[in-house]
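Heads up: the structure comes next, in structure tokens.
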Amino acid sequence: MSYITSLLSKKTRVIALFIAIFSLSVFKSFAYEPTEDTTKKAEAHTESGKFDAGKLITEHIGDSYGWHMWGEGHNAVAIPLPVILYSDKGLDIFMSSGFHHGAEDVVAKNTYRLEENHIKVVENGVVNEEATEKLTDLSITKNVMSLLVSAFLLLWIFLSVAKSYKNRVGMAPKGLQSFIEPLIIFVRDDVAKTSIGPKYEKFMPYLLTVFFFIFVNNLMGLIPIFPGGANLTGNIAICAVLACFTLIIIFANSNAHYWRHIFAMPGVPAWVLIILTPIELLGVVLRPFVLMIRLFANITAGHIIALAFFSLIFIFGEMSTGAGLGVAVLSVAFTVFMGFMELLVAFLQAYVFTLLSAMYFGAAIEEGHHAHDEHHAHDHAQPEAQIDLV
Amino acid sequence: MELIKPAIGLVFWMIVTFAIIFLILKKYAWKPILDMIKEREEGIEKALKSADDALETMRELKSSNEKILAEARAEKDIILKDARDTKDAIINEAKAKAKVEADRMVAQAREAIQTEKLAAITELKAQVATLSIDIAEKILKEQLSSEEKQKTLTSNLVKEVTLN
């Protein structure tokens, strides 16, 4: 999917640029009036006052200590979030509003300064990089807050659904329950049963949790304003933790057959094993690594595309108001289109992560059928290869 | 580079939060939900199977009903045929009896008639005889009423008697 998305995005960007240049040349002839207004409107200006799309995008897809709502600079409105820092001098807890958007230092056990969205330790008015390195940052950042919100959302949704199951024993699903049930049955029948086999029930809680965690957070990421908007599933830390959980479950459930296939593939001559075993061992770690990268790249790409389209408005807006307005129409149209794509991607990536996890679990608990080993290797390789295209 | 460097704080909170979500949902959501879905599916399967069974029983019942009905119909036919036969037999017997009786009565009547006839004839004969005697008497009386006549008769009778 990332492949298709990136291809599409390249194409659409080229088209958008082309149309934008065309509209610019038209507007320039009778609507070219560079005003101070346009430059003031743009967000994320560099020191020189010019609009910097790269900075805007990096800020939006990255993490921050406060939850920015609107406005900029000293007039910005942001939800303050707790900052939790641990250093040699002890634990410091304060609200992110204390920084006043980087204008003031916070004096606690250390003196902290917010620089380029990073907290630095300041000593005698100078940033001490060595002390900053030693800082353990457990702050409730925008992403952590979003994680907590989605955690409550997940708990609320599924506990209420579970309640309605208890209240309506043997009856047809109703309301939220009837929206969730097809997804649960989809994960059970099309993901777990087909990939893991008869022992699928053991893995269902993890697969369902991962599926709905990724799906809900992907969707929340598409909502532009609080409590959405955080690029949570497009954050490498989140993806890494999810992939690590999958790896731990693979290790916890793997049997002798699985390890024999990695260290000594049956029916392979010894000299080939010298090459094959390191590759197989690498594969064990590489699989969850690819899981992480796939989810991270897909979701981040979606956010970058949407932001890039909006940045176009301000880039052209700096040239002339007319051009900015002209591009705005196109940008919004493309972003709406990409929004629908992202809705699909939100589901697809949740599905792919769950499916691949389920397939790895299936491989880990598979019992040996040595007569069919070649067929097995083939059967497993194919769907994986297909999904790697996504 | 900033993007692909996992932040330790986020990793920590993610592990804690995800583990909590997982454990709570596992115990209080996934287990009851999956159990209920399974239970319901089994219930539906069972209901479908019992419906099938009921249909099968119905079909069997229907076929046995039809068999019984056919048997009853056959029996009815036999009974009807028997009844018809009996009726015919009774009628025939009655007819035969009636005929015999009628014949007997006719014969009796004929006999009576014969007897009556004979009696009538006998009486007639007797009456005729009486009448004949009366007439003969009268004629004799007439013929023997005068001397002359007696002589004539005697002479005639004498003439008639030819001595051979």
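The values are calculated or read from the model by the stated rules, or taken from the named source; none is laboratory data. These numbers were taken from a predicted model, which means no experiment stands behind them. Cβ: placed from backbone, ideal geometry, glycine included. Neighbour counts: every protein chain shown.
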Filter pass, A:GLY324 being small (Gly, Ala, Ser), part of a helix (DSSP H, G or I) and at pLDDT below 90 = yes
Considering B:LEU48, B:LEU55, B:LEU25, which residue is touching a Ser or Thr at 6+ places or on another chain (Cβ under 7 Å) and surrounded by 10 or more Cβ atoms within 10 Å (Cβ to Cβ)?
-> B:LEU25
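For the stretch A:162-171, indicate whether the set of residues that are part of a loop (DSSP other than H, G, I, E, B), at the interface with chain B (Cβ under 7 Å from one of its Cβ atoms) and not hydrophobic (A, V, I, L, M, F, W, C) is non-empty.
Narrowing the stretch A:162-171 to residues part of a loop (DSSP other than H, G, I, E, B): A:168-171.
This time we only want the ones that are at the interface with chain B (Cβ under 7 Å from one of its Cβ atoms), so: A:169-170.
Checking which are not hydrophobic (A, V, I, L, M, F, W, C) leaves us with A:170.
Within the stretch A:162-171, one or more residues are part of a loop (DSSP other than H, G, I, E, B), at the interface with chain B (Cβ under 7 Å from one of its Cβ atoms) and not hydrophobic (A, V, I, L, M, F, W, C).
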Among residues belonging to the stretch A:118-158 that are among the β-branched types (Val, Ile, Thr) and over 23 Å from A:LEU232 (Cα atoms), point out the one that is nearest to the other protein chains (Cβ to nearest Cβ).
-> A:THR132
Mind listing just one residue for me: the one in the stretch A:205-240 that is touching a residue at least 40 places away in the same chain (Cβ under 8 Å) and out of contact with any helix residue (DSSP H, G or I) (no Cβ under 8 Å at 6 or more places or on another chain) and, of those, farthest from the other protein chains (Cβ to nearest Cβ)?
-> A:ILE225
Applying the selection to the stretch A:123-139, what residues are in contact with a Phe, Trp or Tyr (Cβ under 7 Å, 6 or more places away or on another chain) and either assigned to a strand (DSSP E or B) or at positive phi (or both)?
-> A:THR136
Condition met for B:ILE44 (under 30 Å from A:SER160 (Cβ atoms) and over 59 Å from the mean Cα position of the chain (by Cα)) = no
May I ask you to list pairs of residues, at least six apart or on different chains, whose Cβ atoms are under 7 Å apart, with the first in the stretch B:1-21 being at the interface with chain A (Cβ under 7 Å from one of its Cβ atoms) and the second being surrounded by fewer than 16 Cβ atoms within 10 Å (Cβ to Cβ)?
-> B:ILE8/A:THR136; B:THR17/A:LEU148
